[in-house]
Amino acid sequence: MKRLRHTYRGQQAEGQSLVEMALILPLLLILLFGIIDLGYYVYSYASVYQAVRRGTDTAALFPPYQSQLGSTYNTDDMCVQVVVNSVKDGAVLVNFDDIAINRNKFNVSYYENPEGASVLHRYRDLGDTVQVAITYTIEPLTPLFQMVPLGDGHGRITVRASSMRTVVGRGETLVADAKERCKDHADPPACEAQLKKGCQPGP
C-alpha cells in the first residue's frame, strides 16, 4: 500500500513538472527569440554603418572623376565598382549583392561648399564633400518578430546609413604605373584611363 502511495505521488510530481515546463517554455522561447532578433538588428545596423563608412573613405580617395547627378550612373564603370566593392568588403552578415544595380539602395553624391552651404556638385574636386548612402532591409532571424507588427508588419526594418567625407585626392595615377598594372587587363586602354581617375581595374 505504501509502495503504491509513493508511486502515485511520484507520478503526480512528474506530471506537475511537465505542466510547469509547458507553461514556462513558451515564455523562455519568446525571451530567447527576442534577444536573438534584437541583437541581430543592432548588429546589422552597426555592420551597415561600418560598410558605408568604409565606402566613403574609399570614395574620398578614389571616386569617379565625374558624377552625373540626377541620373543612373553606369554600374559597370570600374570607378563605381571600386566604391561598391569597398562597401561589400566592409559588410559582415549583411548581403549587399544588389546595391550596384539599385540606386535606391546605394548612392554616391558630391557636394561643393561655397561659404559653408552644401550644394550638389557635378564635378568633384579637392575640398568638396562626398557622401555614400546605403538603404538596407534587415530581416528577422526567428519567427517571433515576423508575427509582430514591427517595421513593415512582418518584422522587416529598413535602415538608411550615410557618411560624408572631404575629398582628399584627385585619384591621379602615373601613366607608367597604369600601364604596368593594366598590362594583363582585357581592355588595357580603358583600364589605364580609369586608373588615371584613381580607380582600380576590374578583373
- Note on the structure: Nearest-0.05 FRET efficiency for Ala193 and Ala46 at R0 = 35 Å, using Cβ-Cβ distance, is 0.40
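Quick check on the exposure proxy: order Asp97, Asp187, Asp37 from fewest to most C-beta atoms within 10 angstrom.
By the 10 Å Cβ count, ascending: Asp97, Asp187, Asp37.
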- Rounded to one decimal in nm, the spacing of the 7 Å Cα→Cβ label points at Asp97 and Val168 is 3.4 nm
- Item | Environment charge at Val87 (Cβ cut-off 10 Å; Lys +1, Arg +1, Asp -1, Glu -1) | +2
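Bear in mind that the values in this text are calculations on the coordinates, not laboratory data. Just so it is clear, the structure is predicted and the values come from calculations on it, not from any experiment. Ideal geometry is used to build each Cβ from the backbone, glycine not excepted, and the neighbour counts take in all protein chains shown.
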